[in-house]
1. Tally up the carbon and sulfur contribution to the accessible surface of region 99-246 as a whole percent, 1.4 Å probe, everything protein left in place.
2. Looking at region 182-243, which trypsin sites (Lys or Arg not before Pro) are in a loop (DSSP not H, G, I, E or B) and have at most 15 other Cβ atoms within 10 Å?
3. Where the only charges are on Cβ atoms (+1 Lys, Arg; -1 Asp, Glu), what is the dipole of the chain about its Cα centre, to the nearest 20 debye?
4. Relative contact order of region 99-246, please, whole-number percent, based on alpha carbon pairs below 8 angstrom and at least 6 residues apart.
5. Going through region 237-334, which GluC sites (Glu not before Pro) have at most 16 other Cβ atoms within 10 Å and a DSSP loop state?
6. Of all beta bridges DSSP finds with both residues in region 2-146, what is the antiparallel percent, to the nearest 5?
7. At what distance in nm do the modelled label points of ASN298 and LYS207 sit from each other, each positioned 7 Å from its Cα along Cα→Cβ?
8. Over all pairs of distinct alpha carbons, what does the Kirkwood formula give as the hydrodynamic radius of the chain, in Å?
Amino acid sequence: MSKIVVIGAGIAGLTATLRCVAAGHQVTTITKGIGGLQLGQGTMDILGYMPNRVERPLDDLAALADEHPDHPYAILNADAVRTGVNYFAELVGEDLLVGDPERNVFLPTAVGALRPTALAQPSMMAGQLSDGDSVVMVGIRQLKDFYPGLAAQNLARSTLPDGGRAAVRATYIDLPARKGEADATALTYARVMDDPTFRQLFVTAVKKVIEPGEKVGLPAMLGLKDPNSWREVAEGLGTEVFEVPLQPPSVPGMRLNQTLVDKVKNARVRWVYGSQVLGGVAENGRLTGVVAGTTGHNVTFPADAVIHAPGGFESGALELDSYNHVFERTFDLPLAGADNEELLHGNYWGEEQPLFRVGVRVDEQMRPVDADGSAVYENLHAAGGIIANANRWREKSGDGIAVASAVRAADSLSTPTTAAASGAMDSKGDN
Ligand SMILES: Cc1cc2nc3c(=O)[nH]c(=O)nc-3n(C[C@H](O)[C@H](O)[C@H](O)COP(=O)(O)OP(=O)(O)OC[C@H]3O[C@@H](n4cnc5c(N)ncnc54)[C@H](O)[C@@H]3O)c2cc1C
């Protein structure tokens with residue numbers, strides 16, 4: 001049993017943690033806060049755009065790697081991504097993610113675009129529309145974050161994956177989540193939807209505004225804890241319903257996050273929340289521990305190996321200073337793409353911003369490497385948003401990279417035991 005420290009509690013850190021526990025390691029997960037999972041759509045994106053919409057994400061990874069030989073998917077091939085995605089889907093279970101990693105589905109967004117993703121929550125799947133479908137988008141007057149008219153207008157104009165069109169209209173119900181609530185979010189509604197009594201009130205209200213034969217699009221708020229709440233709504237309405245994810249706080253993202261955090265906490269992981277890892281303690285090219293800032297003092301956590309999953313710029317793992325210098329805040333790791341003179345340019349929606357591709361370069365074992373390709377520390381592995389050379393939000397590749405790299409990192413941990421074994425093999429080969 002090796003002592004593993006995982007840094008970060010985003011999709012990459014949580015997945016790596018559980019994979020290490022399953023392999024029998026003793027794991028400490030240190031995080032300064034929650035990860036990006038609950039800001040996202042609550043789906044699993046492998047590859048959505050290249051730049052055109054992708055239908056078979058795993059088939060297209062090779063073409064992406066040919067075009068960008070430094071892309072994380074060039075190291076994490078289709079098999080690694082399939083393994084990572086299937087592992088993640090198994091962790092969260094079929095109540096939360098369904099679909100086929102080989103084939104994208106196209107689901108309506110809150111502005112009525114069709115967004116490609118590989119796996120989605122079962123409550124979203126009826127949003128796969130076909131030619132001739134009749135759809136009604138239902139908003140709630142007291143929920144400001146969902147405009148059914150906007151979603152309906154754009155969806156009605158969209159060409160569906162089968163080349164056809166759907167007839168889409170919009171309507172509202174009037175149903176406060178709580179008496180006197182002035183500023184209800186989807187989260188407020190999701191919490192009250194966990195109560196069967198409110199759910200019944202909701203069904204009764206929606207029933208009055210829908211027509212027979214219509215599929216019903218609803219803001220993603222059909223319950224936070226009860227995974228079957230949406231099924232009850234569909235049964236009550238007697239038709240297919242689909243949830244449409246909204247901006248943060250994202251209820252489907254929170255469902256995934258909470259499920260994984262609960263699993264980590266139940267897995268005898270040492271869970272250090274609210275502490276930032278400030279650096280490492282190294283000896284002979286290996287980390288022997290990491291130093292984390294806790295209340296009032298710094299604590300060293302011993303480690304046989306470390307999985308570094310701190311995210312990118314959005315989580316503060318990477319920082320750009322006023323001299324246009326990018327640095328990695330925890331271990332001051334060498335960064336690829338950081339020497340570009342124009343990291344950011346004004347054409348925001350046109351050319352891609354080189355800054356988005358900055359990160360650490362990794363070897364096959366996900367170990368950050370220097371300019372010569374040598375591992376910076378023999379037992380430091382990286383996972384997720386810290387890895388260089390992907391434009392995640394544009395490609396819709398962030399989730400696939402995160403889970404595939406987390407699983408690869410966990411499976412190839414360089415611990416004293418494995419180092420000794422490979423040393424033994426080396427010396428055997430020399431004889
Ligand atoms: C605007 C935007 C839109 C995006 N849209 C998409 C999309 O549509 N589809 C997609 O697939 N991807 C998208 N991405 C990318 C996706 O969000 C990331 O790939 C994903 O969140 C990375 O997960 P992660 O676990 O690596 O990092 P995060 O989710 O960022 O988690 C990092 C964790 O590390 C912790 N941490 C950081 N530093 C330290 C430290 N020193 N010590 C302790 N803890 C630390 C943080 O608190 C956090 O818990 C988008 C990204 C952005 C910025």
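The values are calculated or read from the model by the stated rules, or taken from the named source; none is laboratory data. What you see is a predicted model; the values in this text were computed from it and never measured. Cβ placement follows ideal geometry from the backbone for every residue including glycine, while neighbour counts extend to all protein chains displayed. These area figures cover heavy atoms from the full protein model, side chains too; ligands, DNA and RNA do not enter into them. Shrake-Rupley method; radii C 1.70, N 1.55, O 1.52, S 1.80 Å.
1. Solvent-exposed carbon and sulfur of region 99-246 make up 50 percent of the total.
2. Values: sites: ARG191, ARG199, LYS207, LYS208, LYS215, LYS225, ARG231; in loops: LYS208, LYS225.
Counting only loop positions with at most 15 other Cβ atoms within 10 Å, the trypsin sites (Lys or Arg not before Pro) in region 182-243 are LYS208, LYS225.
3. Numbers: 37 positive and 52 negative charges, 324 e Å.
Rounded to the nearest 20 debye, it is 1560 debye.
4. RCO, region 99-246: 26 percent.
5. On the way: sites: GLU240, GLU243, GLU283, GLU314, GLU319, GLU328; in loops: GLU240.
Here the sparse-neighbourhood loop sites are GLU240.
6. Details: 9 of 14 bridges.
If we restrict to bridges inside region 2-146, about 65 percent are antiparallel.
7. With each label point 7 Å from Cα toward Cβ, the separation is 6.4 nm.
8. So the Kirkwood estimate lands at 22.9 Å.
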